[in-house]
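Data first, discussion second: the structure below is written as structure tokens.
The values are calculated or read from the model by the stated rules, or taken from the named source; none is laboratory data. It should be emphasised that the depicted structure is a prediction, and the values quoted were computed from it without experimental measurement. Reconstructed Cβ throughout: ideal geometry from the backbone, glycine too, with neighbour counts over all protein chains shown.
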Amino acid sequence: MMQGLEKREVLVVGGGIAGITAASQLSSLGIKVLLIEKDHFIGGRGARLTCKATSHCMKCNYCLVEDALRQLSETGNIAIKTLTSIHRLKKSKKGFEVTLIENPRVIDPERCTDCGKCLELCPYKGKGAILTAPSANIQPFYSIDPQVCGCRDPRPCEEACPHRAIDFERHQEELSYKCHGIVLATGFTPYDPSGESRYGRGRIKNIITALELEEMLRGDEHFSPLNGTKKAKVAFVQCVGSRNPKIQRDYCSRVCCGYAIRMALRLLESQPDLDITFFYMDVQNFGKDFQKYFFGAKEKLKFIRGLPGDYYQVGKEKVRVSFYHREKAKTVVEDFHLVVLSVGIGPNEETIATLGEPLGVEVDDMGFFVVPQGIAGIVAAGTSTGPMDVAETISSAKASALN
């Protein structure tokens, strides 16, 4: 422990992989930490990824997320507040004065033992009244959304809870907090392809994003959105919302190629008769042992350099895709049972407006936080500063905490 640091307090904004890593790192230095997250659970988008191992480890970094969550649960000196956001903040002589808004958490984390009786009896669980954490390393594992719950007193979950952890009478609170430093770990916003009509989001049934495929694969190790279709054809389309100056996103999101190739191989492992085509501009080589997996993938997947121009619904179960085939020197039309869009990593514009601007933190040409050099007590970490994978995010968060 460094002398004098045990008297300091730091606010970490964002409970994703960067936030929890920074919190653990700061705690190890003897610094008291308050970690706030606006969602029901910590873990962020990283905790919603899936392991992409086939018959062997694919170095997808998912296990690093679980390790970080486990380490956080074993670390003291950290207070965690979910459903909490910054309402006001101002610089003071000794650091920052922050006003927090804490929305009511129906389930008391101090009393909940994760027995699951509330979920068992909830008549609205199919509508999302009771939410489950994306990882068993997140406690409590359950949360209730009172806006979705349609029950009236007496509520079955309240009556069934053996530890009286459920209370619908809790109210929103305004909290005052003083700290010496702030870590901005507010993450990224995935590109929404519905802004470009050609992708057919919401109109064409079997077009999904890579993040949606991640969620589907998490639900069941052997799940496939293809419903067991024999010899189904799948297209992975890269650079959706990246490297496109027409939408003011001419930068590369860097990590999409590696994640998509690993997911394609994972799908192929569970359904070997799949015919998978990978559309790309340039395959970005990032991550440990990526070349090895890439060369192995070229033997199992079809790689086409070029991106599709148009997508159409064909019948009830197929998507027609048109693209320019360089080797054939002509436009080709092909039907697929599933199209997976690799959506790009964008800046979190909400937190840039509500936090970055009041604190005087600048953004770069891509819209991400520039790691502050001249603002004492403020650092930015993880994907709030630009596209990066899980391993890079962890390294960034540790470095930011030390700063």
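List of remarks:
- Answer residue from segment 370-387, given it is assigned to a loop (DSSP other than H, G, I, E, B) and touching a Gly at 6+ places or on another chain (Cβ under 7 Å) and is nearest to Arg249 (Cα to Cα) among those: Ile375
- So Arg170, is it loosely packed, with under 12 Cβ neighbours inside 10 Å, out of contact with any Ser or Thr (no Cβ under 6 Å at 6 or more places or on another chain) and in a loop (DSSP other than H, G, I, E, B): no
- Those residues of segment 12-46 which are closer than 19 Å to Pro347 by Cα, crowded, with 22+ Cβ neighbours inside 10 Å and within 12 Å of the chain's Cα centre (by Cα), in sequence order: Gly14, Gly15, Gly16, Ile17, Ala18, Gly43, Gly44, Gly46
- Selection status of Glu66, within 30 Å of Ile375 (Cβ to Cβ), of a type in the set (Asp, Glu) and buried (at least 16 other Cβ atoms within 10 Å of the Cβ): no
- Residue check for Val319: surrounded by fewer than 22 Cβ atoms within 10 Å (Cβ to Cβ), assigned by TED's automatic domain parsing to the domain that holds Tyr199, out of contact with any Pro (no Cβ under 8 Å at 6 or more places or on another chain) and modelled with pLDDT of 95 or more: no
- Residues of segment 24-66 that are part of a loop (DSSP other than H, G, I, E, B), out of contact with any strand residue (DSSP E or B) (no Cβ under 6 Å at 6 or more places or on another chain) and under 21 Å from Pro190 (Cβ atoms): Asp39, Phe41, Ile42, Gly43, Gly44, Arg45, Leu49, Thr50, Cys51, Lys52, Cys60, Asn61.
- Segment 351-369, residues that are in a loop (DSSP other than H, G, I, E, B) and at pLDDT 90 or above: Asp364, Asp365, Met366, Gly367, Phe368
Yes/no per residue for (1) within 26 Å of Gly30 (Cα to Cα); (2) touching a Cys at 6+ places or on another chain (Cβ under 7 Å); (3) of a type in the set (Asp, Glu):
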{"position": "Val65", "(1), (2), (3)": "yes, no, no"}
{"position": "Leu69", "(1), (2), (3)": "yes, no, no"}
{"position": "His87", "(1), (2), (3)": "no, no, no"}
{"position": "Asp114", "(1), (2), (3)": "no, no, yes"}
{"position": "Leu121", "(1), (2), (3)": "no, yes, no"}
{"position": "Gly128", "(1), (2), (3)": "no, no, no"}
{"position": "Phe141", "(1), (2), (3)": "no, no, no"}
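- Taking the criterion of being charged (D, E, K, R), out of contact with any Lys or Arg (no Cβ under 8 Å at 6 or more places or on another chain) and either assigned to a strand (DSSP E or B) or surrounded by 12 or more Cβ atoms within 10 Å (Cβ to Cβ) (or both), the only residue of segment 322-340 that qualifies is Lys330.
- Test: Thr331 is out of contact with any Pro (no Cβ under 8 Å at 6 or more places or on another chain), hydroxyl-bearing (Ser, Thr, Tyr) and in contact (Cβ under 8 Å) with a residue 40 or more places away in the chain: no
- Residues satisfying the stated conditions in segment 83-126, i.e. aliphatic (A, V, I, L, M), in contact with a Phe, Trp or Tyr (Cβ under 8 Å, 6 or more places away or on another chain) and part of a strand (DSSP E or B): Leu89, Val98, Leu100, Ile107
- Counted residues, segment 245-300 - those being aromatic (Phe, Trp, Tyr), modelled with pLDDT of 90 or more and surrounded by fewer than 17 Cβ atoms within 10 Å (Cβ to Cβ): 0
- Matching option when the condition is of a type in the set (Val, Ile, Thr), buried (at least 16 other Cβ atoms within 10 Å of the Cβ), touching a Ser or Thr at 6+ places or on another chain (Cβ under 7 Å) and more than 30 Å from Ala401 (Cα to Cα), among Ile130, Ile107: Ile107
- From the list Gly309, Gly315, Gly296, the one residue that fits, being of a type outside the set (A, V, I, L, M), out of contact with any Leu (no Cβ under 9 Å at 6 or more places or on another chain) and either farther than 19 Å from Arg198 by Cα or touching a residue at least 24 places away in the same chain (Cβ under 8 Å) (or both), is Gly309.
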